[in-house]
Structures are given as C-alpha cells and as structure tokens.
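Participant: Can you read through this structure? Questions will come right after.
The values are calculated or read from the model by the stated rules, or taken from the named source; none is laboratory data. Note that the coordinates shown come from a computational prediction; the quantities given were computed from them, not determined experimentally. With ideal geometry, Cβ positions are generated from the backbone for all residues, glycine too; neighbour counts draw on all protein chains shown.
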Amino acid sequence: MHITITGNLGSGKSTVGKLLSEKYGFEIYSTGKVQRELAKQMKLSTLELNQLMMSDRKYDHMIDDETARISRENQDKNIIFDSRLAWHFVPDSFKVFVSVNLDVAAERIMKDQRGSVEKYSSIEEAKKLLKKRAETECIRYKDIYNLNYMDFSNYNLIIDSTYCDPNTIAELIMEEAKNYYDKPGDISKILVSPKYLVFDNLQIEEDNNLDELVNSLKGTVYAKDKIIKVKQQDNKFLVLEDINYAKAALLADVSFIQIKTI
C-alpha cells in the first residue's frame, strides 16, 4: 500500500506520517530522504545537491523521477510518501491532503523548532510569511510542472487537522486507505470538524428530533451517515441541507463530518 501525504504548511502532515509509520509499519520517504538518496547516487553531499537545485531546475525533476522510481520498484511495500507533489508522481497511491486553519498553523509553527529557526516575531508575522510561502510554492509548481497542489480534486481524502489530534487523523487515514484499496475510486472525500459549520439563523428542520440525533452521535469520531451540502463563506461552511444532522454533529462534539461544496 502506498499513501501520499501533502498539505498546508503547519498542518502536521509529517507528524501524521510518522504515526502511520509507527502504528502500521510503513516506511517513510520524504522529499528530503529522496534527495539524500539521489545525492548518494550522484556521489554528492546533500548541500552540494541543494546548491545545484537553486541554479538548475532539472534537479527538481530528478528528485521527482526518483520518487516515481521508488514507487514503481516497491509496489509490494507499505510506504508513506511525504512530499508536496508525490500525489502526482506516485499515481497508484491513496492521495491525502491535510488542511489547517492559517491561525492554528501559525501557532503550531511558532511553538515548534521552525518558529525559532525561521525567527517569526509574532503570530501575525508567521501567518503573513506562511501565506507568502504557500503562494510562492503554488507559482513554482505551476511554472515547473503546470500543477496546482491546492486543487482538492487531486486527492482521495482531504482531512482538516485544525480541531483534531494527529493520532485520530492517522487512524482515519488508515481506515480510508484500506477502503480505497479494497474498492478504488476517483471520488474526493472532504472531512472537516463540525466547528467549521454555520447555519442560517440556526434553523432546525421540524421533521427530526434533534436530541435523539445528538445522543446517537455522541462518542462518534466520524459521522458517516450523511454528506452535508455546504456553501463556503470565508473560512466557514454554510449548511444547505440536512441541517438537523449537521447541528447534532456539532452539539455531539463529533470530530469529523463529510461535506460537499456547491
């Protein structure tokens, strides 16, 4: 089984990848690991290869070709590919995008080692620079490969990490990956916390008993019974259908609900 993981900066995708490796025995190939292997083959240090990459984009292609080779030659191995573009270069994989709210991403990066190394002076500065870096990456990948890694249709699973711990996310990714390999398909599934949902005047459908729904969903990690149709409003989602179910999921503190934007 091959799983490719990308995501927003600060989403915790690398942490999730490590948990999948520890819990389920996956080998991890990050862009850095692939780069080190390529440098070894070329009899260069990683620093020397980094310097070459800055002046010649053919080395980006070499690293991506190496990722594809590793995938082709290790079909029988369980591998996590932790890389921005591995979803494209490892086509026969379960493709995951881990998203996160920008405010939370900035807070996480300020707290870990990147915050000190990159010397962010404030959350606001971290947010500004994270946004700029993401925009720069999008331009770079568009220029080199004509790819948009922020296009969610590229992925089998989009899962938001803003309100959920990495262990739960890793377990859900594994469950969804197993389901995908049992029955492959092209549908993109978007899972978000009900905390992202907003309601039109908190309207509740009259036909359903809200309390019963809340009780039935308590203790649920992923409410699978409904795909909630929503309309995006800034960083939130306005619920358009199945309002009672969506509201019950929020009140029951469900970790994830599936949405479809229209």
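Participant: With respect to Tyr163, determine if the residue is outside any helix (DSSP H, G or I), more than 19 Å from the chain's Cα centre (by Cα) and surrounded by 12 or more Cβ atoms within 10 Å (Cβ to Cβ).
Facilitator: On the way: outside any helix (DSSP H, G or I): yes; more than 19 Å from the chain's Cα centre (by Cα): no; surrounded by 12 or more Cβ atoms within 10 Å (Cβ to Cβ): yes.
Spelling it out, it is not the case that Tyr163 is outside any helix (DSSP H, G or I), more than 19 Å from the chain's Cα centre (by Cα) and surrounded by 12 or more Cβ atoms within 10 Å (Cβ to Cβ).
Participant: So the check is Cβ under 7 Å with 6+ separation or different chains; which pairs have a first residue in segment 249-262 that's more than 21 Å from Ile173 (Cβ to Cβ) and not assigned by TED's automatic domain parsing to the domain that holds Ile173 and a second one that's assigned to a loop (DSSP other than H, G, I, E, B) and of a type in the set (Val, Ile, Thr)?
Facilitator: From segment 249-262, the pairs are Ala252/Thr220.
Participant: Moving to a separate point now. Do you know which of the residues in segment 36-62 that are modelled with pLDDT of 80 or more and either polar (S, T, N, Q) or not assigned by TED's automatic domain parsing to the domain that holds Tyr141 (or both) is surrounded by the most Cβ atoms within 10 Å (Cβ to Cβ)?
Facilitator: Selected residue: Ser45.
Participant: Hand me the list of helices (runs of 4 or more DSSP H) wholly inside segment 14-109 holding 2 or more residues that are touching a strand residue (DSSP E or B) at 6+ places or on another chain (Cβ under 7 Å), in contact (Cβ under 8 Å) with a residue 40 or more places away in the chain and hydrophobic (A, V, I, L, M, F, W, C). Walk me through how you get there before you give the answer.
Facilitator: Details: elements: 31-41, 46-55, 58-73, 86-89.
Per the criteria, 86-89.
Participant: Identify all residues within segment 128-187 that are within 20 Å of Val100 (Cβ to Cβ), of a type in the set (Val, Ile, Thr) and in contact (Cβ under 8 Å) with a residue 60 or more places away in the chain; write none if there are none.
Facilitator: Once the filter is applied, which keeps residues that are within 20 Å of Val100 (Cβ to Cβ), of a type in the set (Val, Ile, Thr) and in contact (Cβ under 8 Å) with a residue 60 or more places away in the chain, segment 128-187 yields Ile158, Ile159, Thr162, Thr168, Ile169, Ile173.
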